[in-house]
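K.L.:
Structure incoming, see below.
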Amino acid sequence: MLRYFLKRLMFLIPVLLGVSVVIFSIVHLAPGDPAEVMLGPSATQEEITNLREQLGLTKPLYVQYGIFLTNALKGDLGRSIKSNAPVVDEIMERFPATLTLAVLGMIFAIAIGLPLGILAALKQNTWVDALCSFFALVGFSIPNFWVGLMLMLLLSIYIPILPSSGFDSWKNFIMPTIVLGIQTMAVIARMTRSSMLEVIRQDYVRTARAKGISDRLVLTRHILGNVLIPVVTIAGIYFGHQLGGVVITETIFSIPGLGRLIVDAIRAQDYPVVQGGVLFFALCVGIVNLLVDLLYAVLDPRIKAQYRAAK
Amino acid sequence: MNNENGTLFAPSSGRTKEREKRRSPWWEVWRRLRRNKAAVAGMSVVILLVVVAVLAPVLAPYDPNQTNIKMRLQGPSSEHPLGTDNFGRDMLSRIIYGSRISLYVGFVAVGIGAVFGGILGAIGGYYGGRLDNFIMRCMDVLLAIPQIILAIAIVGALGTSLLNLMIAVGISQLPRYARVVRASALTVRGQEYVEAARAVGASDARIILENILPNCMAPIIVQSTLGVAQAILSAAALSFLGLGIQPPTAEWGSMLSSGRQFLRNAPYLTFFPGLAISVVVLALNIFGDGLRDSLDPKLRQ
């Protein structure tokens, strides 16, 4: 088990290195000189040249990348151009809000999506199935920023029961959670349905039924375990997708999180923050994928057995 | 797919059985698709939208950029069925013109993603080995960055314009096409007809283009249909964040974004553009689902 974990951890390193190259190149492709941005339009040529020197912008790109990478490995992502605070501090300050949102969104997605998919599969080809499936497809298709605005219109303006911005009470989290989780919910519902339909037809399920086990027990003991494996995969993939979704959610509900930090940084051409923020996102996605892989081993005794045998 | 397309239209005087045999696989797909009512409905909506986009100048009652301060923020009326915005521009006309941008961005972005992703996937799948490994690891890197964050970073670097928006959305979709094409290329490359082509001395490029790619068409088409839906959503999201199409261009995402500040007094400014996006994306997704079922009946439950 430990070996499996370490092996997966090793896979993360080249991916993160790759991400650092990609984001470094993207950011440095950008037109506009950070030194000019920092000093504003009134700066003299001399001041700009001095600052460029100071920021290391005169060195060749690969040297700059080398410096960025060595510092990043030491946990230093540079300083924000706008606030002059260390990028790591800015990220850590914003991260709790984003993580809370992402986890709540996932809980919402699973809590609604899983039962919806199970229900649809159990009532296959009835109106219940059609309704659940259509609901899932709609959830997958409507833009989440629109859902956010419409919820706000309904629950903050027409029937004012929820606050439209801020994040100090639990009420602030209800709408953002729905907005963030709705797409994942739809995907989980669809995946659960098709996975259920496959498992229901397996011989061992028929055997269990033939033995006279109650439907409820067959569902919980025999079916669910196998249904969950592909569902966990898709939930893991969508967790990364959902982390991206915080950009929209945080913008709509004015939540000071990581997504807003990156968008604001791009507008302000604050490249160290963009670089550090995207790298941090990739790290989160990588860690989530790692956890999902571990969860597999827990859910699927076959995988666990494989690694026992390999040892 | 191995049949020539020509057989589809070839005159046939034989008995029904014989005609059945001659039908190309595409005909079979179309027959299956036609029986799927939801897919036909989705397809009809998509076709209708393309028609609306093409005929926008004829269909739109007003010039989408004609401002009229006297008529600003009017609710829906017989004169302006969907109301007017804060500059007095007719919302219906703007939504009609907006369909042009959304569809254009959706198709071009997917074109960029599918062509480059497809080529990378085909090369990886065909040659295998280290090259394949390298390409797929690069795709893993792209997948490690949430799609929208990647698109935002690219737009941020290149600057906001229609072309850059399409490039950003296209690149963020690259990996899915690369994966799909690679998977098919892997199964196809061992087939006898590929060996035969190699034996008669066809170049690698030619084998990839003429033997490998046509046999990956089914999954590419399905992926692309669903991809256009995703691309429209991403592009609208970027415009909503102010990083895509800039006002005053009539685009659904940026209309939503500028209507946001009037949410309380003029909710129709955000309601209708959002509804338009939802309808298009929903139609494309339903159509794509139906297409997948008809192209691969084995997957059908």
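The values are calculated or read from the model by the stated rules, or taken from the named source; none is laboratory data. Just so we're clear, the structure is a prediction, and the values are computed from it rather than from any experiment. Virtual Cβ from ideal backbone geometry, glycine too; neighbours counted across all protein chains shown. Accessible surface is based on the protein model in full, side chains and every heavy atom, while ligands, DNA and RNA are left aside. Shrake-Rupley method; radii C 1.70, N 1.55, O 1.52, S 1.80 Å.
K.L.:
Please work out which residue is nearest to A:L119 (Cα to Cα), limiting yourself to the range A:206-249 and to residues that are hydrophobic (A, V, I, L, M, F, W, C) and loosely packed, with under 15 Cβ neighbours inside 10 Å.
P.N.:
My answer is A:L217.
K.L.:
Kindly indicate whether any position in the range A:107-130 is open to solvent by 40 Å² or more (accessible area, probe 1.4 Å), charged (D, E, K, R) and out of contact with any Ser or Thr (no Cβ under 7 Å at 6 or more places or on another chain).
P.N.:
Yes: the range A:107-130 contains one or more residues that are open to solvent by 40 Å² or more (accessible area, probe 1.4 Å), charged (D, E, K, R) and out of contact with any Ser or Thr (no Cβ under 7 Å at 6 or more places or on another chain).
K.L.:
What is the number of the single condition among (1) more than 8 Å from chain A (Cβ to nearest Cβ); (2) part of a helix (DSSP H, G or I) that B:T160 does not meet?
P.N.:
Single failed check for B:T160: (2).
K.L.:
In addition: Any idea which residue in the range A:1-30 is most open to solvent (accessible area, probe 1.4 Å), counting only those that are within 14 Å of another protein chain (Cβ to nearest Cβ) and aromatic (F, W, Y)? Spell out the reasoning first.
P.N.:
Looking only at the range A:1-30, we keep the residues that are within 14 Å of another protein chain (Cβ to nearest Cβ), and these are A:8, A:10-30.
Keeping just the survivors that are aromatic (F, W, Y) gives A:11, A:24.
Values: A:F11: 116, A:F24: 15 Å².
Among them, the one singled out is A:F11.
K.L.:
Based on what the data block shows, is B:R94 crowded, with 19+ Cβ neighbours inside 10 Å, of a type outside the set (S, T, N, Q) and more than 26 Å from A:I266 (Cβ to Cβ)?
P.N.:
In short, yes.
K.L.:
How many residues are open to solvent by 30 Å² or more (accessible area, probe 1.4 Å) and farther than 13 Å from B:G113 by Cα when one looks only at the range B:158-176?
P.N.:
Going through the range B:158-176 one residue at a time, the tally reaches 5.
K.L.:
Now, a different point. Looking at the structure I just gave you, is B:S239 of a type in the set (G, A, S), in contact with a Ser or Thr (Cβ under 6 Å, 6 or more places away or on another chain) and touching a residue at least 12 places away in the same chain (Cβ under 8 Å)?
P.N.:
So B:S239 fits the description; yes.
K.L.:
Go through the range B:188-242 and tell me which helices (runs of 4 or more DSSP H), entirely inside it, have 2 or more residues that are surrounded by 20 or more Cβ atoms within 10 Å (Cβ to Cβ).
P.N.:
Qualifying helices (runs of 4 or more DSSP H): B:217-240.
Yes or no, residue by residue, for (1) within 17 Å of B:V40 (Cβ to Cβ); (2) open to solvent by 40 Å² or more (accessible area, probe 1.4 Å); (3) at pLDDT 90 or above:
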| residue | (1), (2), (3) |
| --- | --- |
| B:S258 | no, yes, no |
| B:F262 | no, no, no |
| B:G274 | no, no, yes |
| B:V281 | no, no, yes |
| B:N285 | yes, no, yes |
| B:R292 | yes, yes, no |
| B:Q301 | no, yes, no |
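K.L.:
Now for a different question. Can you tell me which residues in the range A:85-125 are within 14 Å of chain B (Cβ to nearest Cβ) and farther than 23 Å from A:W170 by Cβ?
P.N.:
The answer is A:I91, A:G117, A:A120, A:A121, A:L122, A:K123, A:Q124, A:N125.
K.L.:
Sticking with this structure for a sec: Residues being under 17 Å from A:G276 (Cβ atoms) and free of Cβ contacts under 8 Å to residues at least 40 places away in the same chain: count how many of those fall in the range A:30-56.
P.N.:
2
K.L.:
Quick check, is A:S156 of a type outside the set (V, I, T) and either touching a strand residue (DSSP E or B) at 6+ places or on another chain (Cβ under 8 Å) or surrounded by fewer than 19 Cβ atoms within 10 Å (Cβ to Cβ) (or both)?
P.N.:
yes
K.L.:
So, in the range B:141-171, how many residues would count as being more than 15 Å from B:L233 (Cα to Cα), of a type outside the set (A, V, I, L, M) and at pLDDT 85 or above?
P.N.:
The number of residues fulfilling the criteria is 2.
K.L.:
Give the residue, chosen from A:I223, A:I252, A:I237, that is β-branched (V, I, T) and more than 19 Å from the chain's Cα centre (by Cα).
P.N.:
Exactly one of A:I223, A:I252, A:I237 is β-branched (V, I, T) and more than 19 Å from the chain's Cα centre (by Cα), namely A:I223.
K.L.:
Say whether the condition of being open to solvent by less than 10 Å² (accessible area, probe 1.4 Å), more than 8 Å from chain B (Cβ to nearest Cβ), of a type in the set (G, A, S) and outside any helix (DSSP H, G or I) is met by at least one residue in the range A:259-281.
P.N.:
There is no residue in the range A:259-281 that is open to solvent by less than 10 Å² (accessible area, probe 1.4 Å), more than 8 Å from chain B (Cβ to nearest Cβ), of a type in the set (G, A, S) and outside any helix (DSSP H, G or I).
K.L.:
With respect to A:V187, is the statement that it is within 27 Å of B:A236 (Cβ to Cβ) and within 11 Å of another protein chain (Cβ to nearest Cβ) true? Spell out the reasoning first.
P.N.:
Numbers: within 27 Å of B:A236 (Cβ to Cβ): yes; within 11 Å of another protein chain (Cβ to nearest Cβ): no.
Answer is no for this residue.
K.L.:
Please enumerate the residues belonging to the range B:141-155 that are open to solvent by 30 Å² or more (accessible area, probe 1.4 Å) and at the interface with another protein chain (Cβ under 7 Å from one of its Cβ atoms). Walk me through it before giving the result.
P.N.:
Within the range B:141-155, the subset open to solvent by 30 Å² or more (accessible area, probe 1.4 Å) is B:143, B:147-148.
Listed by number, the residues that qualify are B:Q147, B:I148.
K.L.:
Quick one: which of B:F116, B:F134 is within 14 Å of chain A (Cβ to nearest Cβ) and aromatic (F, W, Y)? Quick ask: steps written out before the conclusion?
P.N.:
Details: B:F116 fails: within 14 Å of chain A (Cβ to nearest Cβ).
Checking each option against the conditions leaves just B:F134.
K.L.:
Kindly establish whether A:F68 is open to solvent by less than 50 Å² (accessible area, probe 1.4 Å), more than 22 Å from A:R260 (Cα to Cα) and in contact (Cβ under 8 Å) with a residue 60 or more places away in the chain.
P.N.:
It is true that A:F68 is open to solvent by less than 50 Å² (accessible area, probe 1.4 Å), more than 22 Å from A:R260 (Cα to Cα) and in contact (Cβ under 8 Å) with a residue 60 or more places away in the chain.
K.L.:
Can you find even one residue in the range B:252-274 that is of a type in the set (V, I, T) and within 17 Å of B:A53 (Cα to Cα)? Give the derivation first.
P.N.:
In the first step, residues of the range B:252-274 are kept if they are of a type in the set (V, I, T); the result is B:270.
Filter once more, keeping what is within 17 Å of B:A53 (Cα to Cα): none.
The answer is no; no qualifying residue exists.
K.L.:
Name the single residue that is farthest from the other protein chains (Cβ to nearest Cβ) among those in the range A:31-52 being open to solvent by 30 Å² or more (accessible area, probe 1.4 Å) and aliphatic (A, V, I, L, M).
P.N.:
Among those residues, the one meeting the criterion is A:L39.
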